[in-house]
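The values are calculated or read from the model by the stated rules, or taken from the named source; none is laboratory data. Values in this document were obtained by computation on a predicted structure and should not be read as measured data. Every residue, glycine among them, receives a Cβ derived from its backbone with ideal geometry; neighbour counts consider all protein chains shown.
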Amino acid sequence: MERKDKGLAFLLQYENVAWYANGEVRILDRRVYPTEISFVTCKTHLEVKQAITDMVTQSAGPYTAATMGVALAAYECRDLPNEERKAYILKAADSIAHARPTTVVRMKKLCDRSAKVAIKAIEDGVDVPQAVVDNSVEFNNLRYEKMEKAAEYLVDMFPKKGKVMTQCYGETIVGMMCKVAKKRNLDIKFFVPETRPYFQGAKLTATVIHEMGFDTTLITDNMVALVMQREKIDLYTSAADAICVDGHVCNKIGTFQYAIVAKSMGIPYFATGGPDKGHPTVDTVEIEMRDPEYVLQAMGVRTARQGVKGYYPSFDITPPHLISGIVTDKGIFSPYDLERYFEGSEDDIVA
């Protein structure tokens with residue numbers, strides 16, 4: 001099976017996201033990357049779930065970690081009778097899917113798919129964990145291929161020579177937009193907000209774009225308006241943790257305010273990813289509230305006086321009137337016309 005991660009940055013190689021082998025799952029610890037390349041080793045599927053909850057991996061990383069967690073669950077119950085094994089795997093898959101509340105809809109779809117593969121492997125009498133791993137690679141190949149198609153449409157919006165701002169870490173689309181832009185010999189300078197308090201923009205996005213060979217400038221989260229204005233940013237783009245069919249985009253906190261600034265300056269904002277049937281309207285999205293202590297420090301160093309309170313919503317929601325287009329593998333859609341995306345096929349690949 002040809003793998004679609006070939007030629008992409010270190011962070012986008014499947015084994016460097018999460019991988020099951022020999023009764024354990026290794027997950028790259030993105031909390032310390034790139035200053036340190038360290039893997040968290042999980043011995044049970046509950047440890048995988050906790051690693052996802054604890055932000056060991058972020059963006060689309062949890063989707064790979066989740067499938068590997070199901071493979072690990074299949075290993076854990078290998079000595080049980082078949083019907084008990086099936087029940088164990090189904091329960092484990094459901095548990096992993098609920099590691100973080102905002103992404104439950106996508107995660108459940110993916111974990112259920114992995115559980116079905118495991119159950120079929122039990123019935124066929126083949127290596128169950130390996131069947132789940134093979135399916136995970138197949139899934140990632142489909143996802144990477146889908147995002148490469150979306151990248152072709154996104155890069156159509158790029159100037160031949162210009163400046164693009166992106167937000168947080170869009171995982172696959174970041175690597176694919178760089179791959180496509182390089183193939184087209186575009187001269188693009190990327191500006192990347194740091195994305196406090198986990199600094200995904202600084203640690204992940206900036207690293208991937210730099211590794212892919214592009215001029216990369218990191219800015220703090222409160223520089224966005226001035227940078228858009230002074231540097232004459234041509235386009236603002238982000239991925240999405242959830243895209244509601246009614247056109248609202250849920251993504252890392254900060255996306256909404258940058259979209260407001262972009263709109264006021266006449267800069268187009270394109271969000272990438274497929275709409276989620278599980279989120280027909282914006283009121284189906286639960287915004288995850290994380291430990292406020294993270295806001296009171298930076299990279300482990302406390303910045304606020306004791307007694308000062310923090311506030312940490314992990315995501316925000318950008319309304320459709322601020323969005324120039326939703327970029328998918330089927331083309332660019334108006335945020336007011338996302339029902340049309342589903343015509344003729346079922347969307348079951350997580351972006």
TODO: Go through the range 247-258 residue by residue and tally those that are farther than 16 Å from Glu194 by Cβ and out of contact with any helix residue (DSSP H, G or I) (no Cβ under 6 Å at 6 or more places or on another chain).
DONE: 3
- [ ] Give Thr281, Thr255, Thr318, Thr303 a once-over and let me know the one that is touching a Cys at 6+ places or on another chain (Cβ under 9 Å) and exposed (fewer than 13 other Cβ atoms within 10 Å of the Cβ).
- [x] Thr281
TODO: Taking Lys149 as the residue in question, decide whether it is surrounded by fewer than 24 Cβ atoms within 10 Å (Cβ to Cβ), within 28 Å of Gly273 (Cβ to Cβ) and without any contact (Cβ under 8 Å) to a residue 40 or more places away in the chain.
DONE: no
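Condition check ((1) in contact (Cβ under 8 Å) with a residue 60 or more places away in the chain; (2) among the aliphatic types (A, V, I, L, M)) across all residues:
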| site | (1), (2) |
| --- | --- |
| Gly254 | yes, no |
| Met265 | no, yes |
| Gly273 | yes, no |
| Lys277 | yes, no |
| Pro292 | no, no |
| Leu322 | yes, yes |
| Val327 | yes, yes |
- [ ] Pull up the range 6-15, narrow it to residues that are surrounded by fewer than 20 Cβ atoms within 10 Å (Cβ to Cβ), touching a helix residue (DSSP H, G or I) at 6+ places or on another chain (Cβ under 9 Å) and modelled with pLDDT of 95 or more, then point me to the one that is farthest from Ser136 (Cα to Cα).
- [x] Phe10
- [ ] From the list Lys263, Lys182, Lys203, pick out the single residue that is surrounded by 19 or more Cβ atoms within 10 Å (Cβ to Cβ), at pLDDT 95 or above and part of a helix (DSSP H, G or I).
- [x] Lys203
- [ ] Taking Thr237 as meeting all but one of (1) in a strand (DSSP E or B); (2) modelled with pLDDT under 95; (3) not acidic (Asp, Glu), write down the number of the exception.
- [x] (2)
Open item on the list: Here is a list: Val192, Val180, Val164. Which entry is under 28 Å from Leu110 (Cα atoms) and of a type in the set (A, V, I, L, M)?
Closed with: Val180
Task: Odd one out for Gly162, checked against (1) under 30 Å from Thr216 (Cβ atoms); (2) part of a loop (DSSP other than H, G, I, E, B); (3) more than 20 Å from the chain's Cα centre (by Cα) - done: (2)
Open item on the list: Of all residues being among the polar types (S, T, N, Q) and out of contact with any helix residue (DSSP H, G or I) (no Cβ under 9 Å at 6 or more places or on another chain) in the range 23-52, which is farthest from Ala73 (Cα to Cα)? Just the residue, please.
Closed with: Ser38
Task: Restricting the range 154-177 to residues that are crowded, with 24+ Cβ neighbours inside 10 Å, of a type in the set (A, V, I, L, M, F, W, C) and out of contact with any Lys or Arg (no Cβ under 6 Å at 6 or more places or on another chain), the residue that is nearest to Leu226 (Cα to Cα) - done: Met165
- [ ] Please state which of the following conditions Phe191 fails to meet, knowing it meets all the rest: (1) farther than 30 Å from Pro292 by Cβ; (2) touching a strand residue (DSSP E or B) at 6+ places or on another chain (Cβ under 9 Å); (3) not assigned by TED's automatic domain parsing to the domain that holds Asn22; (4) not aliphatic (A, V, I, L, M).
- [x] (1)
- [ ] Tell me, yes or no, whether the range 63-76 has at least one residue that is assigned by TED's automatic domain parsing to the domain that holds Gly23, assigned to a loop (DSSP other than H, G, I, E, B) and crowded, with 18+ Cβ neighbours inside 10 Å.
- [x] no
Open item on the list: Yes or no: the range 96-108 includes at least one residue that is surrounded by 14 or more Cβ atoms within 10 Å (Cβ to Cβ) and either of a type in the set (Ser, Thr, Tyr) or over 24 Å from Ala239 (Cα atoms) (or both).
Closed with: yes
TODO: Name every residue in the range 285-315 that is within 17 Å of Lys252 (Cα to Cα) and assigned to a helix (DSSP H, G or I), in order of residue number.
DONE: Pro292, Tyr294, Val295
TODO: Could you run through the range 250-276 and say how many residues are more than 14 Å from the chain's Cα centre (by Cα) and among the basic types (Lys, Arg)?
DONE: 1
Task: Residues of the range 294-320 satisfying the condition of being without any contact (Cβ under 8 Å) to a residue 24 or more places away in the chain and under 30 Å from Ala150 (Cβ atoms) - done: none
